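Here the structure comes first, spelled out in C-alpha cells, and everything after it is commentary.
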Amino acid sequence: MILLKKLFMRLRNKGTGESCELEEVDRLKKEFLSIASHELRTPLATVKNAINLIADEASGPLNETQRKFLMMANRNVDKLALIINDFFLLADLESGCVELSRNEVDINEDIENAINIFSDLAKVNQVAISFEPDRTVKTIIADRQKILNVLTNLISNAIKFSHNGGAVTVSTTRHNSDKGFVQVKIKDTGIGIDKKDHDKLFRSFQQIDSSLTRKFAGSGLGLAICKRIIELHKGKIWVESEAGRGSVFVFILPVK
Ligand SMILES: Nc1ncnc2c1ncn2[C@@H]1O[C@H](COP(=O)(O)OP(=O)(O)OP(=O)(O)O)[C@@H](O)[C@H]1O
Ligand SMILES: [Mg+2]
C-alpha cells in the first residue's frame, strides 16, 4: 500500500509539474496499475483460499447456516475478482498496452462455446437461446480469447436484461456492404434501451439504471471493454434498440 501511495504522489506531482513529460506519466501510470492489480489480487486469493479451507471443514464441521453464509462470501469474492479483472483489462486497453495475439478463429465455433457457457443461466432465467450461423463464414484472423470475452459480455447482457420467457438469438453473416467483414448479431426480446442512452452505453461505468436499488447486477464495464477490443481489431460495434422493444448488439470484424 505504501508503494501505491508513493507512486500515486509521484503521478500527481508529474501531472501538475511544469515539465510534465507525457511518456514518464504514462510509464508511472502503467507501474501504478500493475502494482494496484497485484495488491488487490493477492489478498483476494488469500481470502478465497481461506473460504475453500473452511468449506472443506479443515477447521471443523460446519452447520447448514454457516455453510450458507460461507457460500454467500464465496460468491461475492468471485464477483469482486471478476470486477477487478474487468477493471484492469479496461485500464490496459485504454492505455494501449494490450497486444493482440492473432490466430485463425472459427467465429461460429466460438459463439457455440460462448452460448454453452450460459446455457444454465438461460435455463434459470427462462430465456431461450439459439444460434443462426452462416456456415459460409469460415475463419477470421483475431485474438480468440478477447473475442470470446466480447461474446460472453454481450450474451450475458442479453440474458440478464431479458424477461422470463424471452428469447436471445445470436447470428453470423457476411457484412452486406463489404464482404471483407463478418457480422455478429446478438438479439434479445428484453427491456430495450432508449435512443438517448445509446451513446453512453459504451463508456466505462455507465448503466441506464445506476441507482442503488437497481434490479440488475453489474459494474458497467462490459460494453466499454467490448468496444475497445472490437476497435483494436479494426472492427465496429453498435446497438439498435428502443425502450421496451428488445435490443440488437451488432459487431463487425475484418476477416483478415
Ligand atoms: N441487452 C441489453 N438490454 C438492455 N440494456 C442493456 C443491454 N446490454 C447493456 N444494457 C445497458 O447497458 C449498460 C451497460 O452494460 P455493461 O455490459 O457495460 O454493464 P453491466 O452489464 O451493467 O455490468 P458488467 O458488464 O460490468 O457486469 C447496462 O447496465 C444496461 O443498462
Ligand atoms: Mg454487462
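The values are calculated or read from the model by the stated rules, or taken from the named source; none is laboratory data. Model, not experiment: these values are computed from the prediction. Cβ sites come from the backbone with ideal geometry, for glycine too, and all protein chains shown count toward neighbours.
Every condition in (1) at pLDDT 95 or above; (2) away from ligand 2 (no atom under 14 Å from the Cβ) holds for Val239 except the one numbered (2). Of all residues in region 154-176, none that is more than 19 Å from Leu253 (Cβ to Cβ) and in the same structural domain as Ile237 (by TED's automatic domain parsing) has its Cβ atom under 6 Å from the Cβ atom of a residue that is assigned to a loop (DSSP other than H, G, I, E, B) and among the charged types (D, E, K, R), 6 or more apart or on another chain.
Look at Ile193 and say whether it is within 12 Å of ligand 2 (Cβ to nearest atom), among the aliphatic types (A, V, I, L, M), outside any helix (DSSP H, G or I) and modelled with pLDDT of 90 or more. Walk me through it before giving the result.
Values: within 12 Å of ligand 2 (Cβ to nearest atom): no; among the aliphatic types (A, V, I, L, M): yes; outside any helix (DSSP H, G or I): yes; modelled with pLDDT of 90 or more: yes.
So Ile193 does not fit the description; no.
Which one is nearest to Val168 (Cα to Cα), of the residues in region 218-236 that are away from ligand 2 (no atom under 16 Å from the Cβ) and part of a helix (DSSP H, G or I)? If we take residues in region 218-236 being away from ligand 2 (no atom under 16 Å from the Cβ) and part of a helix (DSSP H, G or I), then Glu231 is nearest to Val168 (Cα to Cα). Would you check if there is a residue in region 76-85 being touching a residue at least 24 places away in the same chain (Cβ under 8 Å) and part of a strand (DSSP E or B)? No, region 76-85 contains no residue that is touching a residue at least 24 places away in the same chain (Cβ under 8 Å) and part of a strand (DSSP E or B). Filter region 191-203 for residues that are within 8 Å of ligand 1 (Cβ to nearest atom) and under 27 Å from Asn85 (Cα atoms); which is surrounded by the fewest Cβ atoms within 10 Å (Cβ to Cβ)? Of everything passing the filter in region 191-203, Asp197 is surrounded by the fewest Cβ atoms within 10 Å (Cβ to Cβ). Against the conditions (1) within 24 Å of Ser101 (Cα to Cα); (2) within 19 Å of the chain's Cα centre (by Cα); (3) more than 15 Å from ligand 2 (Cβ to nearest atom); (4) crowded, with 17+ Cβ neighbours inside 10 Å, His175 satisfies every one except (2). Condition check for Lys160 on (1) charged (D, E, K, R); (2) out of contact with any strand residue (DSSP E or B) (no Cβ under 6 Å at 6 or more places or on another chain); (3) more than 15 Å from ligand 2 (Cβ to nearest atom); (4) closer than 21 Å to Ile115 by Cβ: one failure, at (3).
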